[in-house]
Amino acid sequence: MSLTILQPGVQMTLQGAPRVGHRHLGVPASGPADHLSMALANRLVGNASTATAIEVTFGGAAISFDKSVSFAITGAQSDLILAGRPVASHMTHFAQAGDTLRIEPARKGCRVYIAIAAALEAADFLGSTSTYLPAALGGRAGRALKPDDTVGFGGGRNVSGLATPRDLQPVCSNSYTLRAVEGPDYPAGAQGLWDSSFNVTQRASRMGIELEGDFPRSAECASRPSSAIFPGALQLPPGGRGFLLLADAQTTGGYPHILQVVRADRHLLGQVRPGDRIRFLHRTRQQATDALRAKQALLSSWLPDFFL
Amino acid sequence: MTHPVITFCGDDALRFVVTDQETRLARARQLLATGDWREVVPGRKDITVQFNPHEHTPATAMAHLSHNLATPAPHLSGTAETLELPVHFGGAGGPDLKDIAARIGLSEANIITRLLAAPLMVEMLGFTPGFAYMSGLPETFEISRLAQPRQQVPAGSIGLITGQCGLYALAGPGGWPIIGRASLSLFDAASPTPFRLQAGTRVQLVEATPP
């Protein structure tokens, strides 16, 4: 039982749970750049939230099924075509053996998630199947999927149809307002950070997103001895452009860490694409915790095993 | 004993400075062993812990870390492991040795002799999986990063920058000038402890016998 990659798009990888608890070994989290969307896709096919699924950057991909199985698609906004007929995202569908699924280029958002009602075969590293491309760990031999790859799956199921409740479907946009707290290297007098909007450059990957705009240029912004750094951090390298870290971000860094996008909003980072605009909303740490708990409460009845 | 000052590092992490290397390692091990933290990451001068904000508010996390730090870190046993690491210096595996020698005005043989005599110790793993930052190099080595980082540095490569020696456990992109390659594998993907080097490991470089 397997599916075959006909067209992987810009980048197609297998992702599962993040690798938690290994950053002191230099091992980043990895896992889906937008872990909420992947959990929602898995929910529609009866999988655990962090079951291995397929992440497709910018859509523009096609796969075929050699055996009938249920699947669901979430994430970036794309037209979806199963065996020549349009199908909707955020719903369970059933592919017959031989069917081709096409994902058109994403109109908004950056990453599409395909969940299959089965256990996708992927290499385990430190308890997770997530692909980390720079060091070739996890997934399919640590690399992106290519045309003609087959991904085996065990125990393919036909599950009864579900749809994500409308108020839980994340909205993709070209402009994001992200709640953030001050980072450990927040520069004095950086009020402008909260009043500006920043443009996402072409330099965007699973490691991070480059932002250009009116960043502070202060003497404070010199490199410092390497310290831990996490996804959601906004670093300010000497070039004057910000770098917002994602799931594959390095574990330590020496650039000033000026803001931290709050945990409640980090899933949105996986949908930001070049050309989008970003604003930051100033929050206190207590507000960040309250926001997390509020969003978690909203999600918990539909996704009982998912944590932001 | 005075406790270090704890500061916030974003909305779900805390940081405190520990400049002494042995104390930092002992603290990091102690905090990892508690199982109270999602991540415990030593830096070059500090330790950062990430907490689970579904369990902790910022205030309770701060109180909990203060409580952890009230117990002195147990002394590391004096018998830290010393790993003998056979290295092929220069040649195809150490493409930058010649350049470094020219820049710091020593012969290649002289640099190798000093490296073999250096009491190296892994300060931290970081940046990329298993990349080991080692201290103990002669201070006279003033070496900067490559102007143009390499797309691909082979696993086992050993690099030098001022005051530090870096070891690539895995192949990957890298900006350190490379002087040699270890002939011992430092990574086993199937092992629960996949990286041979850990923070605190002492490393003795030895010259590998030519193949």
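Taking amide H positions as modeled 1.01 Å from N, with prolines and chain starts lacking one, the residues under 5 Å from A:L259 and 5 or more places away or on another chain are A:G183, A:L234. Rounded to the nearest 10 degrees, the angle from helix A:285-300 to the longest Cα principal axis of chain A is 10 degrees. Got a sec? Charge dipole of the protein assembly as shown, +1 on Cβ for Lys and Arg, -1 for Asp and Glu; which of A:F58, A:A83, A:Y186 is way out at the positive end? The Cα lying farthest towards the positive end belongs to A:A83. Database remark: amide H of A:G26 closer than 5 angstrom to the amide H of B:G130 (H placed geometrically; neighbours at sequence offset of 5 or more, or on other chains; Pro and chain starts carry no H).
Chains A and B together bury some 3400 Å² of accessible area, summed over both sides, with a 1.4 Å probe.
Within the accessible area of the protein assembly as shown, the carbon and sulfur atoms contribute 53%, probe 1.4 Å, all protein chains present.
Each Lys and Arg adds +1 at its Cβ and each Asp and Glu adds -1 at its Cβ; summed about the Cα centre, region B:1-126 shows a dipole of about 260 debye. Please give the net charge around A:R283, taking every other residue with its beta carbon less than 10 angstrom from that of A:R283, where Lys and Arg add +1 and Asp and Glu add -1. Cβ neighbours under 10 Å give a net charge of -2.
Count Lys and Arg as plus one, Asp and Glu as minus one, and take only other residues whose Cβ is under 13 Å from that of A:Q191; the net charge is then -3. Bridging of A:K108 to lysines at a Cα separation below 27 Å is possible for A:K146, A:K295, once same-chain residues fewer than 8 apart are set aside.
Rounded to 0.05, the FRET efficiency of the B:I104 and A:S301 pair, given R0 = 51 Å and the Cβ-Cβ distance, is 0.20. Of all aspartates and glutamates in the structure, the ones whose alpha carbon falls short of 16 Å from that of B:K45, not counting any fewer than 8 places away in one chain, are A:D185, B:D20, B:E22, B:E123. Which one, A:L44, A:H282, A:Q96, is farthest towards the positive end of the dipole of chain A when Lys and Arg carry +1 and Asp and Glu -1 on their Cβ? Farthest towards the positive end: A:H282. Phi-derived couplings, Karplus 6.51 cos²θ - 1.76 cosθ + 1.60 at θ = phi - 60°, listed residue by residue for region A:56-73: 10, 7, 6, x, x, 9, 8, 9, 10, 9, 9, 8, 5, 6, 7, 8, 8, 10 Hz, with x used for Gly and Pro. DSSP bridge analysis restricted to region A:175-300 gives an antiparallel fraction near 75%, rounded to the nearest 5. Entry comment: accessible area of the protein assembly as shown is 40 Å² per residue, from protein heavy atoms only and a probe of 1.4 Å.
The values are calculated or read from the model by the stated rules, or taken from the named source; none is laboratory data. These figures come from a predicted structure and were not determined experimentally. Cβ sites come from the backbone with ideal geometry, for glycine too, and all protein chains shown count toward neighbours. Accessible surface areas use protein heavy atoms only, side chains included; no ligands, DNA or RNA. Shrake-Rupley method; radii C 1.70, N 1.55, O 1.52, S 1.80 Å.
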